Amino acid sequence: IEVVGAPVINDLKDLKGAVLVFHDISDLKRVEEMRKDFVANVSHELKTPITSIRGFSETLLEDENADVEIQRQFLTIILKESTRLQSLVHDLLELSKIEKAEMQLSTKLIEVNDWLQSSLTLIEEQVSKKSLHFYKAIDPDISFYGDPDRLQQVVLNLMYNAINYTPEEGSIYLRIYETEDNIIIEVEDTGMGIPEEAKQRIFERFYRVDRARSRNTGGTGLGLAIVKHILEAHQASINVTSEVGNGSCFTVKIPKKW
Ligand code: ADP
């Protein structure tokens, strides 16, 4: 709490009392803290790949006679880390765009079948790289209002997570159906699951249950924060049920009227 005080003086310059104003600045403080955390996190996330890109390029330049195999190994790391940097910058820009333009959704009538085609191609490509079983149950006649590009990103982010956090030979499911008032999108996997205490926190920027694992699979820690923002702008909700070791299920509920 911030306090500002001033004396109260009458025309004859007698002190009559004082006025004290109490400002509750706890909200402001919290926002400021979050901003500082965010900047610290971004800096850290950027620093890690840059350090490794620098280190490996320096080593390559210093050792002119390095084995071709070693050279390729180092170049592969450099490529991987630059790709990480690229995704990170992309996700950061997305997040800031979404936060700024929350009210500027480009809302259209979405016909599920058409809308999903390009995402399905991308998903199937990832699935085939990893030998996972992919099952889909999509009601083809559904149509609803929303921002098609943003909602596509929601589906992709959830599906990529399902793919990333499910070991080989596991299964992932995509279900889209409607109830009386809502469109329901369910993304389920038989992967590693999410511990109870992490279920709320995974929607925070940069929160990861296992930092090293997320990095390895190319994760930025921003995917679910982006999902949550897009859904908030649609007045939609997202819930997660999960059991460690058995899998997770994310359920998105988009109201038909909003
Ligand atoms: P990331 O880029 O790390 O995947 P996200 O914001 O998409 O970032 O997810 C945050 C964290 O939530 C992940 O690092 C992971 O620990 C956890 N998570 C998300 N989806 C799943 C899932 N389907 N199964 C297990 N853990 C998940």
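The values are calculated or read from the model by the stated rules, or taken from the named source; none is laboratory data. Worth saying up front: this structure is predicted, and the values here are computed from it rather than measured. Ideal geometry is used to build each Cβ from the backbone, glycine not excepted, and the neighbour counts take in all protein chains shown.
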Checking the conditions here, which among Lys29, Lys47, Lys13, Lys100 is surrounded by 11 or more Cβ atoms within 10 Å (Cβ to Cβ) and either at pLDDT 95 or above or out of contact with any strand residue (DSSP E or B) (no Cβ under 8 Å at 6 or more places or on another chain) (or both)? Lys29
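Within the stretch 1-52, can you find the residues that are among the charged types (D, E, K, R), under 30 Å from Ile77 (Cα atoms) and free of Cβ contacts under 8 Å to residues at least 60 places away in the same chain?
As a first pass, look at the stretch 1-52 and keep what is among the charged types (D, E, K, R): 2, 11, 13-14, 16, 24, 27, 29-30, 32-33, 35-37, 45, 47.
Keeping just the survivors that are under 30 Å from Ile77 (Cα atoms) gives 37, 45, 47.
Those that are among the charged types (D, E, K, R), under 30 Å from Ile77 (Cα atoms) and free of Cβ contacts under 8 Å to residues at least 60 places away in the same chain: Asp37, Lys47.
What number of residues within the stretch 187-223 are farther than 20 Å from Leu85 by Cα and more than 8 Å from the ligand (Cβ to nearest atom)?
Restricting attention to the stretch 187-223, the residues satisfying the condition of being farther than 20 Å from Leu85 by Cα are 187-203, 209.
Right, trim to more than 8 Å from the ligand (Cβ to nearest atom) and you get 188, 190, 195-197, 199-201.
Qualifying residue count for the region: 8.
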The condition of being touching a Ser or Thr at 6+ places or on another chain (Cβ under 6 Å), more than 30 Å from Ile50 (Cα to Cα) and surrounded by 13 or more Cβ atoms within 10 Å (Cβ to Cβ) holds, among Ser237, Ser242, only for Ser242
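Kindly establish whether Gln86 is more than 30 Å from the chain's Cα centre (by Cα), at pLDDT 85 or above and either at negative phi or among the acidic types (Asp, Glu) (or both). Lay out the reasoning, then the answer.
Working: more than 30 Å from the chain's Cα centre (by Cα): no; at pLDDT 85 or above: yes; either at negative phi or among the acidic types (Asp, Glu) (or both): yes.
Judged against the criteria, Gln86 is not a match.
Of the residues Leu79, Leu85, Leu105, only one is part of a helix (DSSP H, G or I) and surrounded by 13 or more Cβ atoms within 10 Å (Cβ to Cβ); which?
Details: Leu79 fails: surrounded by 13 or more Cβ atoms within 10 Å (Cβ to Cβ); Leu105 fails: part of a helix (DSSP H, G or I).
Leu85 is the lone residue from the list that is part of a helix (DSSP H, G or I) and surrounded by 13 or more Cβ atoms within 10 Å (Cβ to Cβ).
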Taking into account only those residues within the stretch 48-76 that are part of a helix (DSSP H, G or I) and of a type in the set (S, T, N, Q), which is nearest to the chain's Cα centre (by Cα)? Thr48
Between a first residue in the stretch 155-173 that is under 16 Å from Leu231 (Cβ atoms) and in contact (Cβ under 8 Å) with a residue 12 or more places away in the chain and a second residue that is within 11 Å of the ligand (Cβ to nearest atom) and of a type in the set (Phe, Trp, Tyr), which pairs have beta carbons less than 9 Å apart while being 6 or more apart in sequence or on different chains? Leu158/Phe250; Asn161/Phe250
Scan of the stretch 174-227 for residues that are in a strand (DSSP E or B) and without any contact (Cβ under 8 Å) to a residue 40 or more places away in the chain, ordered by number: Arg175
Filter result for the condition that a residue is of a type in the set (Val, Ile, Thr), buried (at least 18 other Cβ atoms within 10 Å of the Cβ) and within 14 Å of the ligand (Cβ to nearest atom), over Ile163, Ile183: Ile163
